[in-house]
Amino acid sequence: MKLKGRAIFEGKAEGRALVSSSPVSFYGGVNPDTGEIVERGSELAGQSVKGRVLVFPHGKGSTVGSYVLYRLAKNGVAPCAIVNAKCETIVAVGAIISEIPCVDMVDVSKIKPDAPVRVDGATVEF
Amino acid sequence: MHLTREEEAMLAGEQGHATQKAMQILVALGKIYDAERLVRVSSVQVSGVSYKNLGDAGLEFLSELARDGKARVRTTLNPAGMSLTDWEAQGIESGFAEKQLKVIDAYARLGAEITCTCTPYLAGNEPAFGQHIAWGESSAVVYANSVIGARTNREGGPSALAASLTGRTPLYGLHLPEKRVPTIGVNVEAHLRLPEDFSVMGYYVGRAAKDGIPYFRGIGRASLEDLKTLSAALASSGGVAMFHIDGMTPEAGMPHGNLEALTFGRRELSETDSMLSDEGEPDFISVGCPHCSLTELATLARLLGGRRVSREFWVCCSREVKRQGDEAGYSRVIEESGAKFALDTCMVVAPIEELGYKVVATNSAKACHYLRNAGLRVRFIPLEECVEEATKGG
């Protein structure tokens, strides 16, 4: 299936989907050194974002979360792309400064966990 | 979103890497929030200065931008995690200090003024009514929008910096007059005697208003200190970026529809007040969240004159207000009591919990909120009682 969204940071990436049905907080929710999701109660707790196409409705929490994405990228453990229903400031800024392809305005419920996903500009194919 | 030719050039990287990154951030935010275009800003207040909040990732990002980025408009800074000159006396570890000074150095190279205060409006960065600005620091955002009538959204660290490096911000939200109308009424029935009562009210209303715009009725008078602490509290328990006070703030007269209203009475005041405090004997006392005004320094000098403090007592303010306090003779009296000025920093952004303190007494609901999040216990008491507490047995 091919969905057309809106490019927040344009780029190409391919990876397996890591899907959260609830909002994601990077600050305090993801270990910036390992990429492991550590947020208590998160359905993805214990999994790593490294190299995955991270799919979630929108970000939440502190604006410092943008810098966590940057640190993940510098440590080589960032997601290879981000797909959101509605991107907000924290994720958008984080994706831009970390140069992680990011698309929003996509029906994220259509993307199945672990499905191979290709992101290219504003399109998401899986 | 419409971009001018110059803005297109910035986006294309013709004016350097940092400017391009900044423009990418602004364009993305403009897209997300449906801005028609960018608008020029007259000043920027950058949050994300304390190394405690930035961490190595933030420092690395700033250092990268500082390679070829330069502020295009007046840019002032939020407090750092320590005094930039007297950090050793504050008990700050050298490892932390080294990183904090690198952060400051990056901001200096970016052309920011090293003001390190959360009250830029008391330290020379005073916007005018109707001016577009891009400010981080949630308490200053509320004060600037509400009390001054300048226009800013609640910026995060990187988006404020992006505004500084381009001189622009996307035109949406509180930059538009129609987005500045009140969304919730507050009937004030409690008698607000002290600035701390305004702080409590802000904390109560912030939780109910979330990111709305409260419209207060029934406040007869309010000092700068009242409005400063109200602004801070509204932005810490909720996401408030602006309020109106009937008959007082500059845009309170704008037409608006019927508002659902909540009541802030004696019960709400006393319940919220007691909710802000934990048990325990304070071992650290601090005032100045937001940073003290000259009037507060005058009050402290009057209360501390001829007395000695027996516990660690921090008076947080900007270097500019401290300088005014020096001239007026207040600073000397305060320091002679053994109280310490905490310049460039405050109890919230300095690593207090790592200095070994357990229970903090303060007159700020905002400080109570964040110190609790950092794992400390807090006592919320008025300024005068803070002085009593600090001088007990001394």
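Figures for the structure shown
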read-out: Residue satisfying all of: in segment B:27-53; facing chain A (nearest Cβ under 10 Å) and more than 30 Å from B:Ala374 (Cβ to Cβ); modelled with the highest pLDDT among these; value: B:Val27
read-out: Where a residue in segment A:69-96 is at the interface with another protein chain (Cβ under 10 Å from one of its Cβ atoms) and its partner, wherever it lies, is acidic (Asp, Glu) and surrounded by fewer than 24 Cβ atoms within 10 Å (Cβ to Cβ), with Cβ under 6 Å and at least six apart; value: A:Asn75/A:Asp33
read-out: Segment B:223-258: number of residues that are under 22 Å from B:Gln131 (Cβ atoms) and open to solvent by 30 Å² or more (accessible area, probe 1.4 Å); value: 5
read-out: Filter result (out of contact with any Leu (no Cβ under 7 Å at 6 or more places or on another chain) and either in a strand (DSSP E or B) or small (Gly, Ala, Ser) (or both)) within segment B:165-195; value: B:Gly167, B:Gly173, B:Asn187, B:Val188
read-out: Qualifying position, being assigned to a helix (DSSP H, G or I), out of contact with any Phe, Trp or Tyr (no Cβ under 8 Å at 6 or more places or on another chain) and either surrounded by 13 or more Cβ atoms within 10 Å (Cβ to Cβ) or modelled with pLDDT under 95 (or both), among B:Glu268, B:Glu320; value: B:Glu320
read-out: Matching option when the condition is open to solvent by 20 Å² or more (accessible area, probe 1.4 Å) and either over 27 Å from B:Leu54 (Cβ atoms) or touching a helix residue (DSSP H, G or I) at 6+ places or on another chain (Cβ under 7 Å) (or both), among B:Arg379, B:Arg372; value: B:Arg379
read-out: Matching residues in segment B:1-26 - criterion: being within 30 Å of B:Leu343 (Cβ to Cβ) and modelled with pLDDT under 95; value: none
read-out: Qualifying residue in segment A:29-40 (condition: open to solvent by 30 Å² or more (accessible area, probe 1.4 Å), facing chain B (nearest Cβ under 9 Å) and among the β-branched types (Val, Ile, Thr)); value: no
read-out: Among the candidates B:Ile92, B:Ile148, residue that is open to solvent by less than 30 Å² (accessible area, probe 1.4 Å) and either away from chain A (no Cβ under 14 Å) or under 23 Å from B:Cys289 (Cβ atoms) (or both); value: B:Ile92
read-out: Residues (under 24 Å from B:Gln90 (Cα atoms), outside any helix (DSSP H, G or I) and open to solvent by 40 Å² or more (accessible area, probe 1.4 Å)) located in segment B:273-303; value: B:Glu281, B:Asp283
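Residue-wise test of (1) within 17 Å of B:Ala57 (Cα to Cα); (2) of a type in the set (Ser, Thr, Tyr); (3) modelled with pLDDT under 95.
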position: A:Val77; (1), (2), (3): yes, no, no
position: A:Glu88; (1), (2), (3): no, no, yes
position: A:Ala92; (1), (2), (3): yes, no, yes
position: A:Cys102; (1), (2), (3): no, no, no
position: A:Asp107; (1), (2), (3): no, no, no
position: A:Ile111; (1), (2), (3): no, no, no
position: A:Ala115; (1), (2), (3): no, no, no
position: A:Val124; (1), (2), (3): no, no, no
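The values are calculated or read from the model by the stated rules, or taken from the named source; none is laboratory data. Everything numeric here is computed off the predicted structure, so don't read it as measured data. Note: ideal-geometry Cβ built from the backbone for every residue, glycine included; neighbour counts use all protein chains shown. These accessible areas exclude ligands, DNA and RNA; they are computed on the full protein's heavy atoms, side chains included. Shrake-Rupley method; radii C 1.70, N 1.55, O 1.52, S 1.80 Å.
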